[in-house]
Amino acid sequence: MIISDKKKSEKLLLGLIKKAIREQMDVVAEWHKDEPDEIACLGENDEKNFIHAVLVNHLMNYKLWHVEDICRRDDVNAELLADCKRQIDKLNQQRTDAFELADECLVKIISPLLPQHVNLRYNSESLGMILDRLSILALKIYHMNEEVGREGVTIEHSTKCKIKLESLLEQRHDLEGSMFDLISDYLQGNKCPKTRYSFKMYNDPTLNPQLYGNKK
């Protein structure tokens, strides 16, 4: 019975990860029609908090994508560029906080499923970091697909974009596979999951000397 419950829990874990990846792809088109200001909290358990954190991370990447597009225009003034820089710093902090929270939830979900004896080896990249990369890939795929079908461009442009789109789709497939391989390593006890914290110093007024050094 214990083994059966463990197998069921492992299946639910994999289903949860697949749901998160699927939602990353699904919401991009929705957000381009109606961008949300925030992501409503889904509940109080670790599974719902995990999905919420993944979507918050994804929304921050979505917002970053479009703010950074503005920064690359050559017809904007210094005031707008400074505002964009502040937005980018804030969004980057929220993006990082979100995938770290996703990691925290996953560690709680995975820990009871680990074998009694776990090899204390750690991956250089956490599951939350991989989901962050998959979020960015979802955005690249959406926008590259737009370029493939954009009107008024040359056939050469469309062809090049189609090749890039195929490469991005392959990258997503490979990255998903690597993620599930890592989860398998966890469940078999070959590696141990861990949340990795970025501790971004530039946003912290107690750690950035340009911020605390100017205070009288």
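Some observations on this one:
- Reachable aspartates and glutamates, given that their alpha-carbon falls under 20 Å from the alpha-carbon of Lys8 and they are not under 8 places away in the same chain: Asp46, Glu47, Asp181, Asp185
- Relative contact order of the chain, defined on C-alpha pairs under 8 angstrom at six or more residues apart (%): 24
- Modelled FRET efficiency - R0 30 Å, Leu120 with Glu23, Cβ distances, 0.05 increments: 0.40
- Degrees separating the helix 46-71 axis from the principal Cα axis of the chain, which is the longest one: 20
- Cα gyration tensor shape of the stretch 82-195, rounded if a/c is under 1.5, else prolate or oblate by comparing a/b with b/c: oblate
- Three-way shape call for the stretch 25-87 based on the alpha-carbon gyration tensor, with the a/c threshold at 1.5: prolate
- The trypsin sites (Lys or Arg not before Pro) of the stretch 23-107 meeting both criteria, a DSSP state outside H, G, I, E and B (loop) and at most 11 other C-beta atoms within 10 angstrom of the site's C-beta, are Arg72, Arg73.
- Reducing the stretch 194-214 and the stretch 76-133 to their Cα centroids gives an inter-centroid distance of 16 Å.
- The GluC sites (Glu not before Pro) found in the stretch 1-73 that occupy coil by DSSP, while having at most 13 further C-beta atoms within 10 Å, are Glu38, Glu44.
- Against the chain, whose longest principal axis comes from its Cα atoms, helix 127-148 is set at around 40 degrees.
- Correct choice for volume of the Cα convex hull per residue in Å³ that was computed from the model, options (1) 114; (2) 185; (3) 170: (3)
- Distance violations [Cα-Cα > 28 Å] among Lys85/Lys108; Lys90/Lys160; Lys7/Lys48; Lys19/Lys160: Lys85/Lys108; Lys90/Lys160; Lys19/Lys160
- Simple point charges give the picture: +1 on the Cβ of Lys and Arg, -1 on the Cβ of Asp and Glu, and for the chain a dipole about the Cα centre of about 680 debye.
Computed from the coordinates by the stated procedures, all read-outs in this text should not be read as laboratory data. Quick caveat: nothing in here was measured; it's all calculated off a predicted structure. Methodologically, a virtual Cβ is constructed for each residue, glycine included, from the backbone with ideal geometry; neighbour enumeration extends over all protein chains shown.
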